[in-house]
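Since the structure comes first, as structure tokens, the remarks are kept for the end.
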Amino acid sequence: MLSREDNELITQTDAGTPMGNLMRRYWLPALLSEEISAPDCAPVRVKLLGEDLVAFRDTQGRIGLVGEHCAHRGTSLFYGRNEECGLRCVYHGWKYDVEGNVVDTPAEPGASDYKKKLRHTAYPTHETGGVIYTYLGAKEKQPLFPNYEWTQVPLEFTYVTKGLLECNYLQGLEGECDSSHLSFLHRAFNRDGNQPLYQADSSPVYETEDTDFGVRLIATRQAPDQQQYVRVSSFVMPVYGCVPAGRAAGELDGYEIHTYVPADDTHCWRYDMGFRRGRAVRDDEVHRRKQINPDYTRIRNARNHYLQDRQIQKTQTFTGIQDFLNHDACATESMGAIFDRSKEHLGVSDKAVIAVRKYLLTTVKELQHGKEPPHIVYQAKKNWFPHIDCFADLLPEKMTWQQHFDYLTEAAQKENPASFAAQRKAAS
Ligand code: FES
Ligand SMILES: [Fe+2]
């Protein structure tokens, strides 16, 4: 349970709010590469942390992410002409480059140098793995773009989907820190794979560990034959949930990064990014795309009750709703746009949710008192994170996960032997 004050503190991310200030210290996904796929293509609207922005790819392929409303008299640049290395407003032709410089004010007298005095809102971008990231904070605090493993593998080894979640970002994020819902919300009555393990033990024992990047979450279930089923996930500051999902059976594989970026306080963008370590991803593996409309809303949503089928709910699946994505959306959107956490009743199974909230609240309060937040990288030699990894494995009953995965501490400074980088090194 959170007090009303803490609930507001942790859920509000507009400019000037404490959590908004914290989020603005990190690189965040802003849109997919496919949304502005070619030079001079149509610009798109981007809503991020309550800010109205427009993204465009200029004639030279450079990406601009600028304030939506023209600096002149506010017309939306979404309708603008993307031409000759800039975005031109349709009202009086003012033109902006990717850095927010006003490069033309054709309605002003020829000799006017008015435009030189103007600077439009423009944010830096970084494109990798089919995602365009941005940094919305102060220029002098801009960190390096973090070299996560999923941003280092070849593009064809990755996949990504984006969808609108119609609730506050924290509700989505908390779902990634909650292994016990796998035994219920996502249950299929006749499914193979790990489902029997989730069902055999529906109350996992949780361990949590605060780290330099966020919180490591370990859920252990009892398994047959004196084994234990251990799932290790990572909450990575400020909105990433790394989970051992999306793996192909029998392969040494990457994992999925489920990201909940606030659009505003009552909507967020869920990005599901995944990667393979040893091969290209096949199109048919990215089944979630089928759940999403061209405008990135979900086909199954609250207005059509997620197309829940009560007969299937009786006979085949716990929810009667198709696909994990929609299960999660139903569970988190139906709490209301911003859930009032002073009304909840947490149990032992919520240990990881509590740990992640605490980490975020501590960090945001410390920043209010001038302490620098964690996991912001300024030095190239520190831009390496083998200890952000996650997996689901059957281990002998007596073995600890630390014995099995010895690279998983910051102090280890050791490459994960299964990582893309380690495999590339071994092959060379
Ligand atoms: S409002 Fe954009 S040029 Fe006038
Ligand atoms: Fe889920």
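Details
- Value of [θ]222 nm, deg cm²/dmol, for the chain, DSSP H segments ≥ 4, -39500 (n - 2.57) each, nearest 500: -5000 deg cm²/dmol
- Selection among 61, 167, 197 by position relative to the dipole of the chain gives 61 as farthest towards the positive end (Cβ unit charges, Cα centre).
- Protection proxy ranking of 113-122, 297-306 - average other beta-carbon atoms within 10 Å, highest first: 297-306, 113-122
- Under 11 Å, Cβ to Cβ, from residue 265 - net charge with Lys/Arg +1 and Asp/Glu -1: -3
- Peptides 226-234, 67-75 ordered by average Cβ neighbours within 10 Å, highest first: 226-234, 67-75
- Point-charge dipole on Cβ atoms (K/R +1, D/E -1) for segment 27-141, about Cα centre, debye to 20: 320 debye
- Phi-derived couplings, Karplus 6.51 cos²θ - 1.76 cosθ + 1.60 at θ = phi - 60°, listed residue by residue for segment 69-74: 9, 3, 5, 5, 9, x Hz, with x used for Gly and Pro.
- Rounded to the nearest whole angstrom, the semi-axes of the ellipsoid equivalent to segment 27-141, taken from the Cα gyration tensor as √(5λ), stand at 23, 15, 12, largest first.
- Inter-centroid distance (Cα atoms) of segment 1-33 relative to segment 105-153, Å: 20 Å
- Local net charge near residue 293, Cβ-Cβ under 15 Å (Lys/Arg +1, Asp/Glu -1): +3
- Under 13 Å, Cβ to Cβ, from residue 227 - net charge with Lys/Arg +1 and Asp/Glu -1: -2
- Cα-based values for the chain, radius of gyration first and Dmax second, are 22.7, 84 Å.
- Amide H contacts under 5 Å for residue 292, placed H, 5+ residues apart: 299
- Its Cα centre serving as origin, segment 149-427 has a Cβ charge dipole (Lys and Arg +1, Asp and Glu -1) of approximately 280 debye.
- Here the Karplus curve 6.51 cos²θ - 1.76 cosθ + 1.60, taken at θ = phi - 60°, turns the phi angles of segment 36-43 into couplings of 10, 7, 9, x, 6, 6, 4, x Hz, with x standing for Gly and Pro.
- Relative contact order, whole percent, for segment 149-427 stands at 27, derived from Cα pairs under 8 Å and 6 or more residues apart.
- DSSP H segments from the chain that extend 18 Å or more along their own axis, Cα-based, with Kyte-Doolittle mean of -0.5 or above: 351-368
Computed from the coordinates by the stated procedures, all read-outs in this text should not be read as laboratory data. Computed from a predicted structure; not experimentally measured. Neighbour counts run over all protein chains shown; Cβ positions are idealised from the backbone, glycine included.
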